[in-house]
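These notes concern the structure reproduced below.
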């Protein structure tokens with residue numbers, strides 16, 4: 001959007017809102033876009049008026065039953081994604097007077113123009129919603145506007161800030177490199193531990209340093225709810241199923257004595273918190289019904305607006321005991337849409353014994369891929385073998401808030417994996433924007449390979465990247481395996497040496513061998529195909545020049 005046009009639209013919104021600022025007592029969000037809903041609720045709380053949001057067309061009428069008819073309502077409607085068209089008339093038909101409705105294209109960037117007194121700002125990435133939820137209490141407490149930032153709107157945010165007397169800027173969690181670059185001039189404070197639970201603890205500590213309290217709200221950051229958005233108490237993430245160690249340890253040592261859990265899907269986690277930390281936990285899972293049926297005032301669920309969250313799901317593919325090398329092979333499959341880390345504890349049982357094995361460090365797995373973890377294990381009996389699996393997993397090495405728990409029979413196999421590979425070269429190709437790993441199969445059997453590059457610095461964050469699936473390399477052949485990742489010149493300089501891990505084996509779903517080492521990163525500007533095309537073009541040009549010279553000589557002889 002052109003900056004001048006953007007400013008004009010903002011000013012128009014400001015003028016319209018300021019005229020009626022003292023008249024409305026309730027703001028209702030009419031949008032299917034979570035960023036609009038979040039921004040409108042945040043706007044309402046900074047304006048010190050009641051905020052509500054509708055979650056469906058039908059809900060647009062139900063929500064009005066909870067609002068006093070004497071109240072003045074301001075509706076903020078999404079231009080492109082409203083639940084209800086002409087919602088103003090619907091509200092007026094229910095007996096409300098003086099209803100105002102404005103339309104926004106991007107509530108997050110436009111509504112800030114109606115808050116000229118705001119001088120503090122918080123930036124979070126707009127990919128996932130949990131970071132936006134985590135900062136709300138601190139934002140309300142410090143009169144800060146929360147920008148949902150990405151590489152596309154970074155310059156617009158910079159433009160808004162340039163028109164303000166900015167006092168403080170906080171960047172929370174991961175944001176695109178372009179966002180941090182654009183905001184660097186404001187000397188922002190940064191909270192980014194590459195761990196959303198550790199980030200959560202830091203923002204809670206900042207809240208408590210200003211406003212000490214013994215009570216906190218508990219949630220998993222996957223939805224917007226009215227009380228969460230009010231910001232009266234700090235928000236602590238419980239995790240989805242398992243309480244991460246850092247949250248449990250923090251609650252044990254903090255001043256928090258009471259936790260109010262929002263939503264009934266997390267009751268099991270709340271139970272774990274109470275048992276492991278000793279704090280009292282109350283559950284807010286419903287509200288009084290806003291419409292009566294058959295003379296009975298029923299209870300209805302809370303108004304919840306879902307936020308975009310990564311899909312994390314780990315499945316147990318197989319558990320096998322290999323007699324030849326006395327190894328337990330535990331194979332997992334990820335059904336996630338992001339890379340995840342897992343750490344397992346396996347109890348192996350037979351007719352005569354029970355042995356426990358497990359992981360000391362988390363294991364990385366890419367989306368839709370398999371990963372086999374090997375445990376050396378000497379068993380006295382192979383009769384009636386079974387395993388109890390307890391594996392925790394999450395989106396970072398220390399954020400294990402999910403649980404895979406299963407009992408399974410163990411299959412006994414006799415397999416000698418003869419695969420052996422050699423890493424020949426590691427380079428980055430600027431044209432294809434990919435890491436290229438040259439691998440040679442040294443044996444007479446076909447081998448499957450999966451590659452990981454550990455702690456690659458991209459932007460301001462280190463992360464592990466890997467192949468999306470196992471790649472087959474024919475016997476005695478070499479193959480170039482590519483991992484797509486856009487890198488800047490500065491990032492390539494910062495990644496001169498990379499730790500490479502390759503899992504490989506004869507069975508595609510059971511890569512039981514591993515090779516690891518540090519490799520110097522070479523950089524190519526063009527792909528092999530491009531080089532071949534350039535060479536071919538050069539040969540054609542030389543041929544044309546040769547024919548031209550030959551023809552000229554023939555003409556001179558004549």
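The values are calculated or read from the model by the stated rules, or taken from the named source; none is laboratory data. Nothing here was measured: the structure is a model prediction, and the numbers come from that model. Methodologically, a virtual Cβ is constructed for each residue, glycine included, from the backbone with ideal geometry; neighbour enumeration extends over all protein chains shown.
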**Asked** Of 371, 405, which residue is touching a strand residue (DSSP E or B) at 6+ places or on another chain (Cβ under 6 Å), in a strand (DSSP E or B) and surrounded by fewer than 16 Cβ atoms within 10 Å (Cβ to Cβ)?
**Response** 405
**Message:** Return the residues of segment 102-121 that are touching a residue at least 40 places away in the same chain (Cβ under 8 Å) and part of a strand (DSSP E or B); say none if nothing qualifies.
**Reply:** 102, 104, 120, 121
**Item:** Considering residues of segment 433-470 that are assigned to a strand (DSSP E or B) and touching a helix residue (DSSP H, G or I) at 6+ places or on another chain (Cβ under 7 Å) only, the residue farthest from residue 520 (Cα to Cα)
**Value:** 458
**Asked** What's the number of the condition residue 403 fails, among (1) more than 20 Å from residue 367 (Cβ to Cβ); (2) within 27 Å of the chain's Cα centre (by Cα); (3) in the same structural domain as residue 387 (by TED's automatic domain parsing)?
**Response** (1)
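Matching residues to (1) farther than 29 Å from residue 265 by Cα; (2) in contact (Cβ under 8 Å) with a residue 60 or more places away in the chain; (3) surrounded by fewer than 22 Cβ atoms within 10 Å (Cβ to Cβ):
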position: 150; (1), (2), (3): yes, no, yes
position: 183; (1), (2), (3): yes, yes, no
position: 205; (1), (2), (3): no, no, yes
position: 208; (1), (2), (3): no, no, yes
**Request:** Could you tell me whether residue 356 is over 19 Å from residue 399 (Cβ atoms) and modelled with pLDDT of 95 or more?
**Result:** yes
**Request:** Go through (1) touching a residue at least 40 places away in the same chain (Cβ under 8 Å); (2) over 13 Å from residue 40 (Cβ atoms); (3) surrounded by fewer than 22 Cβ atoms within 10 Å (Cβ to Cβ) and name the single condition residue 124 misses.
**Result:** (3)
**Request:** Being farther than 17 Å from residue 244 by Cα, over 16 Å from the mean Cα position of the chain (by Cα) and part of a helix (DSSP H, G or I) is the filter here, so list the residues in segment 175-202 that pass it.
**Result:** 178, 179, 180, 181, 182, 183, 184, 185, 186
**Asked** Before we move on, is residue 244 assigned by TED's automatic domain parsing to the domain that holds residue 301, crowded, with 23+ Cβ neighbours inside 10 Å and either over 23 Å from residue 312 (Cβ atoms) or out of contact with any helix residue (DSSP H, G or I) (no Cβ under 8 Å at 6 or more places or on another chain) (or both)?
**Response** no
**Asked** Is there a residue in segment 155-166 that is at pLDDT 95 or above and within 17 Å of the chain's Cα centre (by Cα)?
**Response** no
**Prompt:** What number of residues within segment 162-174 satisfy the criterion of being crowded, with 20+ Cβ neighbours inside 10 Å, in a loop (DSSP other than H, G, I, E, B) and touching a helix residue (DSSP H, G or I) at 6+ places or on another chain (Cβ under 7 Å)?
**Reply:** 1
**Message:** Take residue 159 and tell me if it is at negative phi and buried (at least 19 other Cβ atoms within 10 Å of the Cβ).
**Reply:** no
**Request:** State which residue is modelled with the lowest pLDDT when the search covers only segment 127-137 and only residues that are buried (at least 18 other Cβ atoms within 10 Å of the Cβ) and in a loop (DSSP other than H, G, I, E, B).
**Result:** 128
**Item:** residue 422, sole failed condition from (1) without any contact (Cβ under 8 Å) to a residue 60 or more places away in the chain; (2) assigned to a strand (DSSP E or B); (3) under 30 Å from residue 238 (Cβ atoms)
**Value:** (3)
**Request:** Restrict the check to segment 56-74 and report whether at least one residue is touching a strand residue (DSSP E or B) at 6+ places or on another chain (Cβ under 6 Å), assigned by TED's automatic domain parsing to the domain that holds residue 32 and under 23 Å from residue 132 (Cα atoms).
**Result:** no
**Fill in**
Expected single match for out of contact with any strand residue (DSSP E or B) (no Cβ under 8 Å at 6 or more places or on another chain), surrounded by fewer than 23 Cβ atoms within 10 Å (Cβ to Cβ) and closer than 20 Å to residue 230 by Cβ among 140, 118 is 140
